[in-house]
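Following: one structure in structure tokens, then a few remarks.
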Amino acid sequence: MIELKNIIKTYRQKDRLVTALNGVSLQVGKGKIFGVIGASGAGKSTLIRCVNLLEKPTSGSVMVDGQDLLQLSASQLAQARRQIGMIFQHFNLLSSRTVFDNIALPLELSNTPKPEIKTRVLDLLTLVGLPEKQHDYPSSLSGGQKQRVAIARTLASNPKVLLCDEATSALDPETTGSILKLLKDINQRLNITILLITHEMNVVKSICDEVGVISNGQLIEQGTVADIFSHP
Ligand code: ADP
Ligand code: ADP
């Protein structure tokens, strides 16, 4: 479902070039959960942002659902990106909109008819376990509840792939556990492929099928959770 081949990404920082990714290749099969773990500055954010071309790789190829994203026209890319949802550490909800209106936003932008939006948003709120919060504003929610709303919002577009950028890093351990459980549930019930980045070992251990360890812009190990964590 996701295939990155030999991704190189360099950034210009003042008068020098920094290599954030130095030849990263990975594959995530349909319906799998792949976790990339690494320390701060290792290249995790850059890597996950290359999958939907929020960052354009300097070289390499990005295939998602059989499409080579770097070869698409702007309109084809916009279409392909609707298949790729993303959630973030700080949730990125709109504070001026209610929970309902945050989740409805992608549907409004794709001109979904109003009655359909209503049914869909209420279904999504039930899926993420917040049916009673539709009229509330994000500021009145806990971190875990905000992330549930963000998940519902991204699912509104029916993505095939979900990218999770440190999605539990702002949450306490118990809330982290409940969000990971929700992600696993979504993965299984909706057959959504998940790529996540994290600096937390227990996140990859608890829900990932496969793990990549990134260091200095390179995947230095890759395998199943058992492969990676079994050796002494
Ligand atoms: P991580 O998410 O693992 O902390 P990042 O992908 O954010 O790592 O960063 C990897 C490297 O790339 C770091 O050296 C960082 O300073 C650099 N970097 C990331 N984004 C940019 C940017 N927009 N401009 C310049 N350098 C960047
Ligand atoms: P994280 O790794 O948690 O995403 P960072 O602090 O590494 O947080 O990066 C936050 C944002 O700043 C990212 O969008 C990244 O691309 C950008 N960034 C990181 N390092 C630099 C840098 N040296 N110069 C410019 N932008 C950067």
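Values quoted throughout were computed directly from the atomic coordinates according to the rules given, and no laboratory measurement underlies them. The shown structure was predicted, so the numbers you read here are calculated from the model rather than taken from an experiment. Neighbour counts are summed over all protein chains in view; Cβ atoms, including those assigned to glycine, are modelled from backbone coordinates with ideal geometry.
Work out the length of the dipole vector of the range 1-158 about its Cα centre, built from +1 on the beta-carbon of each Lys and Arg and -1 on the beta-carbon of each Asp and Glu, and round it to the nearest 20 debye.
It works out to roughly 340 debye.
Could you tell me the center-to-center distance, by alpha carbons, between the range 188-232 and the range 10-72 in angstrom?
Comparing the Cα centres of the range 188-232 and the range 10-72, I get a distance of 16 Å.
Add -39500 (n - 2.57) for each DSSP H run of 4 or more in the chain, then divide by its residues: what number comes out at 222 nm, to the nearest 500 deg cm²/dmol?
Rounded to the nearest 500, it is -11000 deg cm²/dmol.
Express in nm, to one decimal, how much length is gained between residue 82 and residue 114 on full extension, taking 0.36 nm for each residue of separation and deducting their alpha carbon distance.
9.6 nm is the gain from fully extending residue 82 to residue 114.
Nearest 10 degrees, 0 to 90: what angle lies between the long axis of helix 173-190 and the longest principal axis of the chain (Cα atoms)?
Around 90 degrees separate the two axes.
Considering Cα pairs under 8 angstrom that are at least six residues apart, work out the relative contact order of the chain and quote it in whole percent.
In percent, rounded to a whole number, it is 30.
How much length is gained on full extension from residue 75 to residue 170, taking 0.36 nm per residue of separation minus their Cα-Cα distance?
Taking 0.36 nm per residue and subtracting the Cα distance, the gain is 30.8 nm.
Would you work out which of 135, 179, 195 lies farthest towards the positive end of the dipole of the range 100-232? Charges go on Cβ: Lys and Arg +1, Asp and Glu -1.
The residue sitting farthest along the positive end of the dipole is 135.
For a quick check of your reading of the filter: which GluC sites (Glu not before Pro) in the range 136-217 sit in a DSSP loop and have no more than 16 other Cβ atoms within 10 Å?
200
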